[in-house]
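One structure is given here, and the rest of the page talks about it.
The values are calculated or read from the model by the stated rules, or taken from the named source; none is laboratory data. Bear in mind the structure is a predicted one, so any value in this text is a computation, not a measurement. Neighbour counts run over all protein chains shown; Cβ positions are idealised from the backbone, glycine included.
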Amino acid sequence: MSQPTFLGIDVGTSSIKVVAVDPAGRLLAVASSPMTVDVQRPGWSEQNPEDWWSGTCSSIGQVLAEIESPEVRGVGLSGQMHSLVSLDKDRQVVRPAILWNDVRSSAEAAYVRETVGNEALRRLAGNPSLEGFTVTKLLWMKNTEPRLFERVSHMLLAKDYIRYRLTGELGTEPSDASATLLFDIVNSRWSDEMCSLLGVDVGLLPPIIESAEIAGGVTKSAAHETGLAEGVPVVGGGADNACAAIGAGVVSTGDALFSVGTSGTVVAPTSSPVTDPGMRIHSMRHATPDTWYLMGVVLSAGAALDWWRRSSGNVGFNELIAEAAEVEAGSGSVTFLPYLTGERTPHADANARGVFFGMHGGTERSHMTRAVMEGVSFALRDSLELMTALDVNPAEAVAVGGGASSSSWLQMLSDVVDLPLRTVGPSEGAPLGAAMLAAVGAAEFGSVVDAGRAWLTDLDRVTPDIAVRGAYDDAYGRYRELYPALKDVFASACG
């Protein structure tokens, strides 16, 4: 007998990951293919879309080989946000993709701010103009590589390129389009006004489809390369953060997601578009109808602890965290700013840098390790406090990522943000959310809410310890004072 299967594909920066799930939510197989990033110059970050495709084909093949008689009923896609894929009139890649973490377009980001203005940016796109957003990369290409830019006929995001290779159809969906600065998040369409102000031909932009809508079927050539059957439906999919939220069941008002991976994010769905007057936090369309979400981004979360581990002689994570657990809340008054590669929320400052503050003769490695963990947790609290100031008040949250797998860090985060935190399984994140979208598109479920109820199981739950709340509030106060005091120093040293 055949095994009904839904596939979720995540086009990540470090790997292409594919998960296979049966209709009951049982994880059948997981495979990944590593990706490398080309850094030709400081601040540059590129990948070849053809490598994404090769990794996708390889990972799909590995997954299908692990399942006896697989019958794939739908494919969903997730992917890194912001990254620019440019195609010519023959739909061939013009140049390597410029990735989300590429910061070469500072001048273009400033040009967008000056040309559009912050109030119009908030009204038209719901987000500030930063180097990460796709339109700044497109304008950089126009200004710096005019001959290549003249060849560009189509602009896609990362996961949309893989959908094109699977189906031959061009398109994107609202959650990824929100990260371009060219999308009207209120009316869920490309913004003619933004395109006009910035001189962007709206004809470059792909059609908008819904995230669970079937965008096309696997072509004969793609079937040959992937091992999928010709005609298998492929849905619109979603941005990686939106799909990670879906894969954790975070899809409704009152829900929230704390992700402590290499970077960190806080995601809170809303039933209507909400934007921060200061645009210190992002506002995006969710990958489910009539839903939006606020998102705060911490650029160095798990990466900060990994840096500290390597700087401490490559001590194991478990040993470091066990040492930190012996230190009282507040880290002996040692404070750490985790801005190793600048920061996104709430400062939007590429010049910000990591700082240890408050060491003395009695400070030990354990205090500094705990300060790193607390600093990341405080950075996530920054995002939550911006959300609550906008009257977005989650009652509890789901925690995902490597940080959530540590019981002591999970408890610390719960204490710092003063929210109960849950972990859920299967803990496959964005590709699982993409598979859920595929299952909805194939009419296995009526909505991602239904899919989450059927597929997800609570694994662990922690609640805030009231006994340490005062200590963390004091430590957070010290943390909040450091950046304003050092902002001009950062600009002078790194600007």
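Which of the residues belonging to segment 204-216 are closer than 25 Å to Asp90 by Cα and in contact (Cβ under 8 Å) with a residue 40 or more places away in the chain?
Within segment 204-216, Leu204, Leu205, Pro206, Ile214, Ala215, Gly216 meet the criteria.
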| Identify, please: which residue in segment 160-215 is of a type in the set (S, T, N, Q) and under 25 Å from Met436 (Cβ atoms) and is, among those, surrounded by the fewest Cβ atoms within 10 Å (Cβ to Cβ)? | Ser188
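Which of the following residues is touching a strand residue (DSSP E or B) at 6+ places or on another chain (Cβ under 9 Å) and among the aromatic types (Phe, Trp, Tyr): Trp52, Trp100?
That would be Trp52, the only listed residue that is touching a strand residue (DSSP E or B) at 6+ places or on another chain (Cβ under 9 Å) and among the aromatic types (Phe, Trp, Tyr).
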| message | Looking at the structure I just gave you, is Thr134 crowded, with 21+ Cβ neighbours inside 10 Å and under 17 Å from Pro206 (Cβ atoms)? | response | yes
| task | Can you give me the number of residues within segment 300-340 that are touching a helix residue (DSSP H, G or I) at 6+ places or on another chain (Cβ under 9 Å) and assigned to a loop (DSSP other than H, G, I, E, B)? | result | 13
| message | I'm trying to understand the selection: among the residues of segment 243-264, which are β-branched (Val, Ile, Thr), closer than 19 Å to Lys17 by Cβ and at pLDDT 95 or above? | response | Ile246
| request: Name the one entry in Val30, Val37 that is in the same structural domain as Gly217 (by TED's automatic domain parsing), in contact with a strand residue (DSSP E or B) (Cβ under 9 Å, 6 or more places away or on another chain), over 22 Å from His224 (Cβ atoms) and surrounded by fewer than 17 Cβ atoms within 10 Å (Cβ to Cβ). | output: Val37
| said: Being polar (S, T, N, Q), crowded, with 18+ Cβ neighbours inside 10 Å and in contact (Cβ under 8 Å) with a residue 24 or more places away in the chain: is that true of Ser312 here? | reply: no
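Here is a yes/no grid of residues against (1) at pLDDT 95 or above; (2) among the acidic types (Asp, Glu); (3) in the same structural domain as Thr369 (by TED's automatic domain parsing); (4) out of contact with any Pro (no Cβ under 9 Å at 6 or more places or on another chain):
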| site | (1), (2), (3), (4) |
| --- | --- |
| Tyr293 | yes, no, yes, no |
| Asn314 | no, no, yes, yes |
| Glu326 | yes, yes, yes, yes |
| Ala329 | yes, no, yes, yes |
| Ser333 | yes, no, yes, yes |
| Gly354 | yes, no, yes, no |
| Phe336 vs. criteria over 19 Å from Asp465 (Cα atoms), free of Cβ contacts under 8 Å to residues at least 24 places away in the same chain and among the hydrophobic types (A, V, I, L, M, F, W, C) | no
| task | Quick one: which residue in Thr369, Thr388, Thr363 is surrounded by fewer than 18 Cβ atoms within 10 Å (Cβ to Cβ), of a type outside the set (Asp, Glu) and not in a loop (DSSP other than H, G, I, E, B)? | result | Thr388
| request: Consider only pairs whose beta carbons are under 8 Å apart and that are at least six residues apart or on different chains; among these, list those whose first residue lies in segment 20-41 and is on the phi < 0 side of the Ramachandran plot and whose second residue is in a loop (DSSP other than H, G, I, E, B) and among the charged types (D, E, K, R). | output: Pro23/Glu444; Leu27/Glu428; Leu28/Asp22; Val30/Glu428; Arg41/Arg104
| field | Single unsatisfied condition, Leu148 versus (1) under 19 Å from His282 (Cα atoms); (2) touching a Lys or Arg at 6+ places or on another chain (Cβ under 6 Å); (3) in a helix (DSSP H, G or I) | value | (1)
| note | Matching residues in segment 56-97 (touching an Asp or Glu at 6+ places or on another chain (Cβ under 6 Å) and either farther than 16 Å from Asp10 by Cβ or free of Cβ contacts under 8 Å to residues at least 12 places away in the same chain (or both)) number 2
| said: Test of understanding: among Ser58, Ser86, which residue is over 20 Å from the mean Cα position of the chain (by Cα) and either surrounded by fewer than 19 Cβ atoms within 10 Å (Cβ to Cβ) or in a loop (DSSP other than H, G, I, E, B) (or both)? | reply: Ser58
